[in-house]
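Visitor: Pasting a structure below so you can have a look.
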Amino acid sequence: MSNTKEPLPGPVKGIIFDMDNTLYNFFDAKILACEKACGTIGAGNGQELFRYFLSGRRGFEDPENIRDYMTDLGVSDESLFENASCIYEDVKLSSITLYPGVTELIRELHESGMRLTVVTDADSIQAKKRLTKLELYDYFESVITPDVTGKRKPDPVNFFSAMEIMETTPEETMVVGDSPKREIEPGNKLGLTTVYAKYGDWLKTPFPSIKPDHVLEKFDDLRIVLNL
């Protein structure tokens, strides 16, 4: 069920979607990829490797995290690193699964004339691979990434870039995402209608001061928010 703080302030003409864990389950795919990489290395475990990606030392997408983990395990075989990295990338991509109702609603919104963009912290190549694999890429007018804008969320430049492409004002724009800090807080500051995808927030860190306009317990609750 969708928890609603207040009705939509006016007709929404454009929607900015986060990608990972908002449109599909990326967390489980990432964990499985880390486990398979460790299986290739023949040491360690997926949860430990995943923490290296979370550390911020190299970035959440950088396979060099695998090399760091291997070094700490005392493994320095370059061919093993290359194999583990390939396995990691292949499994990560092949294992992502859309949340129920995503394809149907995105297609319906696109066909209705709603302007749709993605703002993500993944780089352009990774974003296109995932959205193409899931057959969603063509529904979005643009995919805004850090290698395009030079900034990561919550920097407002990403949201302004999306609105410029959609030709919408903040009052006409909605943002949907699973991160209170990266999507909801900047959306609130810019005057966007903010929709928190609670179902995808695997961190579950409470931010009592960050209040979205709407909360989704599942993706399809967005239909209720949009009165569809």
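The values are calculated or read from the model by the stated rules, or taken from the named source; none is laboratory data. Keep in mind the model is a prediction, meaning the values are calculated, not measured. Note that each Cβ is placed from the backbone with ideal geometry, even for glycine, and that neighbours are counted across all protein chains shown.
Visitor: Give me the residue from the stretch 164-183 that is touching a strand residue (DSSP E or B) at 6+ places or on another chain (Cβ under 8 Å) and either farther than 14 Å from residue 18 by Cα or polar (S, T, N, Q) (or both) and, out of that set, surrounded by the fewest Cβ atoms within 10 Å (Cβ to Cβ).
Guide: 167
Visitor: Can you confirm whether the stretch 161-171 contains a residue that is assigned by TED's automatic domain parsing to the domain that holds residue 220 and touching a Phe, Trp or Tyr at 6+ places or on another chain (Cβ under 6 Å)?
Guide: Checked against the condition, which is being assigned by TED's automatic domain parsing to the domain that holds residue 220 and touching a Phe, Trp or Tyr at 6+ places or on another chain (Cβ under 6 Å), the stretch 161-171 yields no hits at all.
Visitor: Then there is this: Looking at 68, 28 in this structure, which one is modelled with pLDDT of 95 or more, among the acidic types (Asp, Glu) and surrounded by 15 or more Cβ atoms within 10 Å (Cβ to Cβ)? Walk me through it before giving the result.
Guide: Numbers: 28 fails: surrounded by 15 or more Cβ atoms within 10 Å (Cβ to Cβ).
Being modelled with pLDDT of 95 or more, among the acidic types (Asp, Glu) and surrounded by 15 or more Cβ atoms within 10 Å (Cβ to Cβ) holds for just one of 68, 28, which is 68.
Visitor: Residue 186: in a loop (DSSP other than H, G, I, E, B) and either in the same structural domain as residue 119 (by TED's automatic domain parsing) or out of contact with any strand residue (DSSP E or B) (no Cβ under 6 Å at 6 or more places or on another chain) (or both), yes or no? Steps first, answer last, please.
Guide: On the way: in a loop (DSSP other than H, G, I, E, B): no; either in the same structural domain as residue 119 (by TED's automatic domain parsing) or out of contact with any strand residue (DSSP E or B) (no Cβ under 6 Å at 6 or more places or on another chain) (or both): yes.
Spelling it out, it is not the case that residue 186 is in a loop (DSSP other than H, G, I, E, B) and either in the same structural domain as residue 119 (by TED's automatic domain parsing) or out of contact with any strand residue (DSSP E or B) (no Cβ under 6 Å at 6 or more places or on another chain) (or both).
Visitor: If I filter the stretch 105-119 for residues that are more than 20 Å from the chain's Cα centre (by Cα) and not assigned by TED's automatic domain parsing to the domain that holds residue 157, do I get at least one hit?
Guide: no
Visitor: Right, another one. Of the numbered conditions (1) in the same structural domain as residue 177 (by TED's automatic domain parsing); (2) in a helix (DSSP H, G or I), residue 87 fails exactly one; give the number of that condition.
Guide: Exception for residue 87: condition (1).
Visitor: Among all residue pairs at least 6 apart or on different chains, which show Cβ distances below 9 Å where the first residue, located in the stretch 59-84, is at positive phi and the second is surrounded by fewer than 15 Cβ atoms within 10 Å (Cβ to Cβ)?
Guide: If the second residue must be surrounded by fewer than 15 Cβ atoms within 10 Å (Cβ to Cβ), the pairs left are 74/43.
Visitor: Turning to a different aspect of this structure: Criterion first (among the hydrophobic types (A, V, I, L, M, F, W, C) and either more than 20 Å from residue 13 (Cβ to Cβ) or under 18 Å from the mean Cα position of the chain (by Cα) (or both)) does residue 225 satisfy it?
Guide: Against the criterion (among the hydrophobic types (A, V, I, L, M, F, W, C) and either more than 20 Å from residue 13 (Cβ to Cβ) or under 18 Å from the mean Cα position of the chain (by Cα) (or both)), residue 225 does not qualify.
Visitor: Something else: Can we say residue 54 is free of Cβ contacts under 8 Å to residues at least 40 places away in the same chain and under 18 Å from residue 21 (Cα atoms)?
Guide: Values: free of Cβ contacts under 8 Å to residues at least 40 places away in the same chain: yes; under 18 Å from residue 21 (Cα atoms): yes.
In short, yes.
Visitor: Does the stretch 100-110 contain at least one residue that is in a loop (DSSP other than H, G, I, E, B) and surrounded by fewer than 22 Cβ atoms within 10 Å (Cβ to Cβ)?
Guide: Looking only at the stretch 100-110, we keep the residues that are in a loop (DSSP other than H, G, I, E, B), and these are 100-101.
Next cut, surrounded by fewer than 22 Cβ atoms within 10 Å (Cβ to Cβ) only: 100-101.
Yes, the stretch 100-110 contains at least one residue that is in a loop (DSSP other than H, G, I, E, B) and surrounded by fewer than 22 Cβ atoms within 10 Å (Cβ to Cβ).
Visitor: Additional query: Which one of 216, 136, 203 is of a type in the set (A, V, I, L, M, F, W, C) and over 14 Å from the mean Cα position of the chain (by Cα)? Break it down stepwise before answering.
Guide: Details: 136 fails: over 14 Å from the mean Cα position of the chain (by Cα); 203 fails: over 14 Å from the mean Cα position of the chain (by Cα).
Sole residue among the options that is of a type in the set (A, V, I, L, M, F, W, C) and over 14 Å from the mean Cα position of the chain (by Cα): 216.
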